Amino acid sequence: MKWDTQGKPKKPRIVGIGAQKAGTTWLSQMLSQHPQVWLPPFKEVQFFNYHHVPEHRQWLPWHFKRARQNQEKRYAAKGLPLPPEIDEWLTRITKGEMFTNHWYKQVFAPAPQGTMPCDITPEYSTLPDEGVDQVAAFLPKATFIYIIRHPVDRLVSQLKMNLTRKNRKPRTVEAWMGEIDDPVLYDRGDYATYVPRWQARFDEDRLLILPFGAIAANPGTFMRRVEAHCGLAPHSYSNMAAKVFAANKELSVPPEVRAVIRERLEPQFQFIEASFGPEFAGQIR
């Protein structure tokens, strides 16, 4: 891992803003291989949503606790202790006052000279207007990436993730119907509300919007577009075809429930086609 122990606080130059369950972890794994990019050793810094989406604050301490635990497990699996520079850095960003402007820049301090610090946090896509205003003011040189996934597939993926975390397995159509009433499931994929909010502040040279299906169809071409957008040289990536999170095969949404989800999400499909055209809409899955 590229690491500058004497690095000064700095802002990210590349920001992946979402959407949740739309390939952001895959994108993070690809960009982490690029010699011109530096990502923290955990995904999702969660800075802007901390300030503008108050309900997220209840799980953010868990998020950073898990980040340390994951790093310790990663090195333990290799029979190695946590490197002292990572240990010191994790301590520095998880102790004392967090989520200040200076703290955010401290997160990217280890990025070596000549690399572009990168923050990939899908929760950013759901920021309110004042949150996107803060992003625009605080990151005037950053470029942004927003991946659009098929609304039903995205919601179902999020639902399965939530159910797995809670160890719940709906057994009946009625039980599944109760699960899909959670408004959070629809909020994370409300492209019709959130995409225009970002487009109003960033034009195409700052904000790249890509269809999720393009990752599987041609991951190399997908990354060429990302590189060109971010000002990166072409790079040869490994494991481009690997699936990051395998679907929970024990959870299968009944067709009747999928039909209801599809009906509820019709405005999202209309928005995607009207905004990006039928070719783009055909590549979102």
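In table form, for the structure just shown:
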item: Packing-based order for 173-183, 133-143, 107-117, using average beta carbon neighbours within 10 Å, highest first; result: 107-117, 133-143, 173-183
item: Options [x] 20.0; [y] 18.9; [z] 21.0 - which one matches Kirkwood radius over Cα pairs in Å as calculated here; result: [x]
item: Residues of type aspartates and glutamates that residue 11 reaches as a straight line, Cα spacing below 17 Å, ignoring anything fewer than 8 places off in the same chain; result: 44, 119, 133
item: Cα-Cα over 25 Å, subset of 10/243; 105/166; 73/243; 21/65; result: 10/243; 105/166
item: Relative contact order of segment 1-111, defined on C-alpha pairs under 8 angstrom at six or more residues apart (%); result: 52
item: Spatial separation of Cα centroids for segment 59-88 and segment 207-285, in angstrom; result: 30
item: Global form of segment 1-113, assessed from the alpha-carbon gyration tensor, a/c cut-off 1.5; result: rounded
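Coordinate-derived values only; no laboratory data. Fair warning: this is a prediction, and the values are worked out from it, not measured in the lab. Positions of Cβ are backbone-derived with ideal geometry, glycine not excepted, and every protein chain shown enters the neighbour counts.
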